[in-house]
Amino acid sequence: MRRIAGIALVACLAVPGLVHATEPGKALELKSFKDKLSYSIGINMGSYLNGVREELDYDRVLLGLQNGFDGSKSLLTMEEMQKVQKEFAQKMKVKQEAQLKAMQEKNKKAGDEYLAKNKTKKGVIVTESGLQYEVIKEGKGAQPKVEDTVKVHYKGAKIDGTVFDDSNKRGEPAIFGVTQVIPGWTEVLQLMKEGASYRVVIPSELAYGQQGAPPMIEPNSVLVFDVDLISIEKKEKK
């Protein structure tokens with residue numbers, strides 16, 4: 001990882017003409033617009049290469065960078081480069097599809113096991129859709145309808161306990177329409193009353209499904225939410 005991510009630094013030392021020489025031991029400074037732009041481009045290149053580093057030969061990456069930068073003759077024709085890049089793109093597509101399938105299967109198995117265990121807990125209610133919820137505190141206010149907008153505090157976590165979102169930490173509640181969220185949320189909000197607090201376990205098909213919501217939520221992820229329904233927002237009079 002460090003080897004590829006450090007491409008900009010190595011290029012400074014190994015590829016004449018790419019940058020101005022600096023005194024030994026003195027770090028390059030980023031003062032001017034040109035400095036910052038150059039560094040930003042290097043970071044972007046390094047980040048991309050880091051993701052495919054196992055497919056690349058480091059020295060030949062540097063050679064291609066030098067040839068492209070100084071305009072010297074390429075060792076490959078345009079047709080050869082297009083062909084190999086097309087083959088690479090296809091190879092990566094197959095690899096990514098295999099990785100996605102493996103992740104989907106792993107998370108599906110883990111999610112099903114979690115749901116099966118959770119539904120046996122005292123106080124857990126399972127709806128017809130498969131949604132599971134537990135009433136932590138019952139509310140006494142109005143009950144949202146599909147056309148309503150609500151104000152809530154919530155904490156979202158994965159089944160391993162990793163928190164991926166928390167409105168309390170942001171210091172302000174979230175406001176959104178009942179139908180502007182994932183299906184599991186739309187369902188549970190209509191079961192709650194203002195002032196209620198529920199713990200909700202949402203099956204993946206009622207959350208982000210087989211695709212997930214990268215990078216935070218993987219495919220087929222069962223999600224756990226602590227939801228506090230603060231209020232139903234008043235509609236503006238027209």
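The values are calculated or read from the model by the stated rules, or taken from the named source; none is laboratory data. All values derive from a computational prediction rather than experimental measurement. Please note: Cβ atoms are built from the backbone with ideal geometry, for glycine as well, and neighbour counts cover all protein chains shown.
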Go through ILE182, ILE202 for me and flag whichever is closer than 19 Å to VAL163 by Cα, among the aliphatic types (A, V, I, L, M) and within 17 Å of the chain's Cα centre (by Cα). ILE182
Out of LYS106, LYS91, LYS117, I need the residue that is surrounded by fewer than 13 Cβ atoms within 10 Å (Cβ to Cβ), charged (D, E, K, R) and within 30 Å of VAL200 (Cα to Cα). Which one? LYS117
If GLY123 satisfies every condition in (1) surrounded by 10 or more Cβ atoms within 10 Å (Cβ to Cβ); (2) touching a residue at least 12 places away in the same chain (Cβ under 8 Å) but one, which is the exception? (1)
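Per-residue answers, yes or no, for (1) of a type in the set (Asp, Glu); (2) in a helix (DSSP H, G or I); (3) assigned by TED's automatic domain parsing to the domain that holds VAL227:
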position: GLU79; (1), (2), (3): yes, yes, no
position: GLU87; (1), (2), (3): yes, yes, no
position: MET92; (1), (2), (3): no, yes, no
position: LYS95; (1), (2), (3): no, yes, no
position: GLU128; (1), (2), (3): yes, no, yes
position: LYS140; (1), (2), (3): no, no, yes
For segment 61-79, does any single residue satisfy the condition of being under 30 Å from the mean Cα position of the chain (by Cα) and touching a residue at least 12 places away in the same chain (Cβ under 8 Å)? yes
Of residues in segment 205-234 being hydrophobic (A, V, I, L, M, F, W, C), more than 19 Å from the chain's Cα centre (by Cα) and surrounded by fewer than 21 Cβ atoms within 10 Å (Cβ to Cβ), the one nearest to LYS119 (Cα to Cα): ILE230
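Which residue out of ASP112, ASP59, ASP35 is of a type in the set (Asp, Glu) and either in contact with a Lys or Arg (Cβ under 6 Å, 6 or more places away or on another chain) or surrounded by 13 or more Cβ atoms within 10 Å (Cβ to Cβ) (or both)? Write out each step before concluding.
On the way: ASP59 fails: either in contact with a Lys or Arg (Cβ under 6 Å, 6 or more places away or on another chain) or surrounded by 13 or more Cβ atoms within 10 Å (Cβ to Cβ) (or both); ASP35 fails: either in contact with a Lys or Arg (Cβ under 6 Å, 6 or more places away or on another chain) or surrounded by 13 or more Cβ atoms within 10 Å (Cβ to Cβ) (or both).
None of the other options fit; the residue is ASP112.
Would you be able to say whether some residue in segment 23-44 is charged (D, E, K, R), under 30 Å from ALA213 (Cβ atoms) and at pLDDT below 95?
no
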State whether the residues of segment 6-14 include one that is outside the structural domain of GLN211 (by TED's automatic domain parsing), more than 26 Å from GLU218 (Cα to Cα), modelled with pLDDT of 95 or more and not β-branched (Val, Ile, Thr). no
Within segment 113-121, does at least one residue satisfy the condition of being assigned to a helix (DSSP H, G or I) and either in contact with a Gly (Cβ under 6 Å, 6 or more places away or on another chain) or not assigned by TED's automatic domain parsing to the domain that holds ILE136 (or both)? no
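If you check GLU128, GLU172, which single one turns out to be modelled with pLDDT of 95 or more and more than 29 Å from the chain's Cα centre (by Cα)?
That would be GLU128, the only listed residue that is modelled with pLDDT of 95 or more and more than 29 Å from the chain's Cα centre (by Cα).
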Contacts under 6 angstrom Cβ, first residue in segment 220-237 being on the phi < 0 side of the Ramachandran plot and at pLDDT below 95, partner assigned to a strand (DSSP E or B) and not charged (D, E, K, R), 6 or more apart: GLU233/THR149
The listed residue being closer than 30 Å to GLU105 by Cα and not hydroxyl-bearing (Ser, Thr, Tyr), out of GLU128, GLU233: GLU128
